[in-house]
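Enquirer: Below are the structure tokens for one structure; questions will follow.
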Amino acid sequence: MVISWKTRLYIWFRLLLLQASWNFERLQGVGFFYALLPGLRKLYKGEELLAVSRKYVGYFNTHVYLAPMVAGAVLKLEEDKASGEADPTVQVDDFKEMVAAPYAAIGDALFWGGLRPLAAGVSLFFAIKGILWAPLIFVVTYNLVPTWFRTVFFVRGYRQGMESVEFIQKNRLPDWAIHTKETAIVLLGGLSAFMVFSHLNQQQLPSWLGLLTLVPMVMLGLVARKGMSTLFLVTVTVVTIFLLGLFWADMVYLIAS
Amino acid sequence: MNLVLTRIDNRLIHGQVLEAWVPFVKADCIVVANDSIAGNPLKKMMMQASVPSRMRVEIGTVADSVVLLNSSQLNRCRVLLLFGTTSDAVRAYREGLSYDQLNLGNLHADKGKARFSCTLFLNPADMDDLEMLDQAGVKITSRCIPADGERSWRKLIPSAKGPI
Amino acid sequence: MTGSLAFGALISLVCGLDRVAILQIMISRPIVAAPLTAMALGEPLVGVQIGVMVELLWLARLPVGAAVPPDDTQVAIASSVLAILLGQELNASGIELLLLCLLVAIPLGKIGQYFDHYARQYNVRLIDRVDTALDRGSLLGAEFQHLRGLTSFSLAAVGTYVAIVLGGFVAIPFLWPLLNQSLSHSSAWIQLALPLVGVAVILGTINVSRAITLFCASFCMSFLLMWLV
């Protein structure tokens, strides 16, 4: 029994709604069931379908962009099982459980940790220049890689089934995530320098002052590392600058006299 | 051995551990003490593949992990230790691994478990395990990621929902 | 006015759902959501300025697993709406009003975090309903329960938007005459500082060894280059 490409396309679209019922108890569990249901309907009937469904609504969580790959592979495994050519050592549940956490870890590092700051850094260069296309630049640069993962790997997962995990094992994606983050940091360094430099030019202040920005920034970074919240850091910074701004003229006057 | 974080998390290595805790405690080695992962080469390989190669990962049974941690092999590492269940944590403690703090991350819902916080679901046996560790002087706190507040597990008990 | 508020609510709904529930094409990021809102209200540049200031602040709070970050999407959308509408109302313009709206909205982003939390907690109830639907033999019922989760996420998103806008409409007309003058001394500096605080938080929490060293090197290099050229 084979799941037609139309059904697979339908499942792919349903995967866009994966987290619609995200909750603290089963996380993406119900969503994964929801996405796969059109496929399961083709493979099982009646009581059997209900029994399989009950299994699918259980606890499951992985990264949204890698879920299509899991879904593709699971469809393949279910298909093999239904046609009786399944490898009896591989249980679909086990496969789901085995890949969920590692894929989540890889996706979090690569997409949330690496790609998001990188794309944000790129688009902010344009935004600071006042270019109104900046949001579009963000959406396009960011989505290139996730879309590739969502589509190509859905197809690949379905084609390769169990073997689809090899790609992840071979390609050392976590190392790619680190390289992406390093690039993002370099970019953010350039972005910060650019912002400070153009600000000083506007204020008609000497440029070398800009290098001093590193001092408060490194301090804030170290405080943030200790677990201090962003809200607190924003408050402290804004209040300090506000007060300095208020009393700057007075202080200069006092020192001068 | 320099144990920077001991955590119970049924998902073991995942995003919260790698993206939030590792930089926070500056760990450079993750030890996963879990019998079922250690006994399944494929699962073990998948888990290792999710960690950057510059980090050291040791995945072993609870007993093996205790031996490893008590040996001098990891002396130079800042170790982040992960258990999958409370009973594994207790077993490791009984087998001679001493840790004085225990972080509760995720323990997912199941039949017969009561809800203690959004991500913590415990059954009576888990409670007994934690009680035993608490008696032994381990400081047990619940904290999902470093940006969350740290709360003592005892403070969670009154807010528990469901059968204990 | 009502039309603009409703338009803002619509954008807050769509972008808010993109955060967790559907799509995840990142139209929920402030750098997209704020300009989108401001464009709909006819002053796109305001949105871009707000987007720049909010985008980096909570970028380091990753939505990993069950961890819920503060709602920067609604902060961006609501402060754009506030800045534009109150600008017309108070007959004010310029970066000072923008900053005031933002500074009122940023702490209220915490409300969004609670609402999001609550929505995910509320959705636990759907599980029982899914299970009963399956016991009844109704797959359609189970599918329907999954989609019902969208309601709680929608309410959380729009609720946060309404809370911030209301808070802004109450606080800002009162604060504006008091702070207008004093803010003008430091507004340009605060505008610069907000994204830099965001960068600092990213440096402090990103999982890269020697992130700060790398950043300083890159900062100095770019700075010297710009200086020389």
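Enquirer: Within a 10 angstrom radius of each residue's Cβ in C:182-195, how many Cβ atoms of other chains show up on average? Whole number is fine.
Expert: 6
Enquirer: To continue, here is another question. Taking 0.36 nm per residue of separation and subtracting the Cα-Cα distance, what length does fully extending C:Tyr118 through C:Thr151 add?
Expert: 10.7 nm
Enquirer: Based on DSSP H runs of at least 4 residues, each adding -39500 (n - 2.57), what is the mean residue ellipticity at 222 nm of chain A after dividing by all its residues, to the nearest 500 deg cm²/dmol?
Expert: The per-residue figure over chain A is -24000 deg cm²/dmol.
Enquirer: Using helices alone, I'd like the mean residue ellipticity at 222 nm for chain B: each DSSP H run of four-plus residues gives -39500 (n - 2.57), total over residue count, nearest 500.
Expert: -8000 deg cm²/dmol
Enquirer: What percent does the relative contact order of chain B come to when contacts are Cα pairs within less than 8 Å and at least six residues apart?
Expert: Normalised by residue count, the contact order of chain B is 28 percent.
Enquirer: Can you give me the angle between helix B:124-135 and the longest principal axis of chain B, using Cα atoms only, in degrees from 0 to 90, rounded to the nearest 10?
Expert: For B:124-135 against chain B, the angle is about 70 degrees.
Enquirer: To the nearest 0.05, how large is the calculated FRET efficiency for A:Asn201 and A:Glu163 if R₀ is 60 Å and r is the Cβ-Cβ distance?
Expert: 0.60
Enquirer: Also, quick follow-up: How high is the relative contact order of chain A, in percent, counting Cα pairs under 8 Å that sit 6 or more residues apart?
Expert: Relative CO of chain A lands at 18 percent.
Enquirer: Can you pull the percent of Cα pairs in region B:2-159 with separation above 21 Å?
Expert: 42 percent
Enquirer: Still on this structure, I have one more. Which of the peptides C:96-105, C:37-46 is most tightly packed, and how do the rest follow, going by the mean number of other Cβ atoms within 10 Å of each residue?
Expert: Answer by packing, highest mean first, reads C:96-105, C:37-46.
Enquirer: Amide H to amide H, which residues 5 or more places from B:Ala114 or on other chains are under 5 Å from it, using H placed in the peptide plane?
Expert: Long-range HN contacts for B:Ala114: B:Leu122, B:Asn123.
Enquirer: Near the amide H of A:Phe60, under 5 Å away, which other amide H atoms are found, from residues 5 or more places off or on another chain, if H is placed in the peptide plane?
Expert: Amide H to amide H, under 5 Å and 5 or more residues apart or across chains, A:Phe60 pairs with A:Gln28, A:Gly29.
Enquirer: Classify the protein assembly as shown as rounded, prolate or oblate, taking a ≥ b ≥ c as the square roots of the eigenvalues of its Cα gyration tensor: rounded when a/c is under 1.5, otherwise prolate if a/b is larger than b/c and oblate if not.
Expert: Prolate.
Enquirer: Taking loop as defined by DSSP and a crowding limit of 12 other beta carbons within 10 Å, which GluC sites (Glu not before Pro) in region B:92-164 fit?
Expert: Answer in residue order: B:Glu150.
Enquirer: How far is helix A:230-256 tilted, in degrees, relative to the longest principal axis of the Cα atoms in chain A, given as a value from 0 to 90 rounded to the nearest 10?
Expert: 10 degrees
Enquirer: Set the Förster radius R0 to 51 Å, insert the Cβ-Cβ distance between C:Ala6 and B:Gln73 as r into 1/(1 + (r/R0)^6), and round the FRET efficiency to 0.05.
Expert: E(calc), rounded to 0.05, equals 0.20.
Enquirer: Where is the GNM fluctuation largest for chain C (alpha-carbon springs, 10 angstrom cutoff): C:Thr205, C:Thr160, C:Thr73?
Expert: Ranking C:Thr205, C:Thr160, C:Thr73 by mean-square fluctuation puts C:Thr205 first.
Enquirer: Spelling out what I want: for every residue of region B:81-87, take phi, set θ = phi - 60°, compute 6.51 cos²θ - 1.76 cosθ + 1.60 (Karplus), and round to whole Hz; glycine and proline get x.
Expert: Listing the rounded values in order: 9, 10, 10, x, 9, 5, 5 Hz.
Enquirer: Can you give the FRET efficiency for A:Lys6 and B:Arg54, using 1/(1 + (r/R0)^6), R0 = 51 Å, r = Cβ-Cβ distance, to the nearest 0.05?
Expert: That pair, A:Lys6 with B:Arg54, gives E of 0.70.
Enquirer: Follow-up question, since we're still on this one. If I measure Cβ to Cβ between cysteines in chain B, which ones have no partner under 4.7 Å?
Expert: Unpaired cysteines in chain B: B:Cys118, B:Cys144.
Enquirer: Which of rounded, prolate, oblate describes region B:94-164, given a ≥ b ≥ c as roots of the alpha-carbon gyration tensor eigenvalues and a/c under 1.5 marking rounded, otherwise prolate only if a/b is larger than b/c?
Expert: Because a/c hits 1.5 or more and a/b fails to exceed b/c, region B:94-164 counts as oblate.
Enquirer: Follow-up. Using θ = phi - 60° and the Karplus form 6.51 cos²θ - 1.76 cosθ + 1.60, what ³J(HN,Hα) does each residue of region C:15-28 get, whole Hz, x for Gly and Pro?
Expert: Listing the rounded values in order: 5, x, 5, 5, 4, 10, 5, 9, 6, 6, 9, 6, 6, 7 Hz.
Enquirer: Under 13 Å from the Cβ of B:Met55, count the other residues' Cβ atoms, weight Lys and Arg +1, Asp and Glu -1, and hand me the total.
Expert: +1
Enquirer: Which of the aspartates and glutamates could a cross-linker bridge to B:Lys44, judged by Cα under 14 Å and excluding same-chain residues fewer than eight apart?
Expert: Output for B:Lys44: A:Asp94, A:Glu97, A:Glu166, B:Asp35, B:Glu58.
Enquirer: If you don't mind, another one. Past the 28 Å Cα-Cα mark, which pairs from A:Lys6/A:Lys181; B:Lys43/B:Lys113; A:Lys76/A:Lys181; A:Lys226/C:Lys110; A:Lys55/B:Lys113; A:Lys42/B:Lys111?
Expert: Long pairs (Cα-Cα over 28 Å): A:Lys6/A:Lys181; A:Lys76/A:Lys181; A:Lys42/B:Lys111.
Enquirer: Quick one: which of A:35-44, A:60-69 comes out on top by average Cβ neighbours within 10 Å, and what's the full order, highest first?
Expert: My ranking of the peptides, most packed first, is A:60-69, A:35-44.
Enquirer: Also, I was wondering about something else. Where does helix A:173-202 land angle-wise versus the long Cα axis of chain A, in degrees 0 to 90, nearest 10?
Expert: The answer is roughly 30 degrees.
Enquirer: What number, in percent, do you get for the relative contact order of region C:2-228 if the mean sequence gap of Cα pairs under 8 Å and at least 6 apart is divided by its residue count?
Expert: 24 percent
Enquirer: Using a 10 angstrom Cβ neighbour count of at most 13 plus a DSSP loop assignment to flag exposed trypsin sites (Lys or Arg not before Pro), which longest range of chain B is free of such sites?
Expert: B:112-164
Enquirer: Okay, next question. Cα gyration tensor of region A:52-150, axes a ≥ b ≥ c as square roots of the eigenvalues: rounded (a/c below 1.5), prolate (a/b > b/c) or oblate?
Expert: It is prolate, given that a/c is not under 1.5 and a/b is the larger ratio.
Enquirer: Something else now. Return the single residue from C:Gly109, C:Gly204, C:Gly141 with maximal mean-square fluctuation; model: Gaussian network over chain C, springs between Cα atoms under 10 Å.
Expert: The residue with the greatest mean-square fluctuation here is C:Gly141.
Enquirer: Moving to a separate point now. Please check: in the Gaussian network model of chain C (C-alpha springs, under 10 Å), which one of C:Asp131, C:Asp116, C:Asp18 has the largest mean-square fluctuation.
Expert: Sorting by GNM fluctuation, first place goes to C:Asp131.
Enquirer: In vacuum, with every alpha carbon of chain C counted as one equal point scatterer, what does the Debye formula give for log10 I(q)/I(0) at q = 0.09, 0.11, 0.14, 0.15 Å⁻¹? Two decimals, please.
Expert: Per q value, in the given order, log10 I(q)/I(0) is -0.44, -0.63, -0.91, -1.00.
Enquirer: Rank the residues A:Leu188, B:Leu5, C:Leu224 as a footprinting-exposure proxy: fewest other Cβ atoms within 10 Å of their Cβ go first.
Expert: Neighbour counts put them in this order, fewest first: C:Leu224, B:Leu5, A:Leu188.
None of the figures in this text is laboratory data; all of them are computed from the coordinates on show. This structure is a prediction, so every number in the text was calculated from the model and none was measured. Glycine gets a Cβ as well: all are built from the backbone with ideal geometry, and neighbour counts include every protein chain shown.
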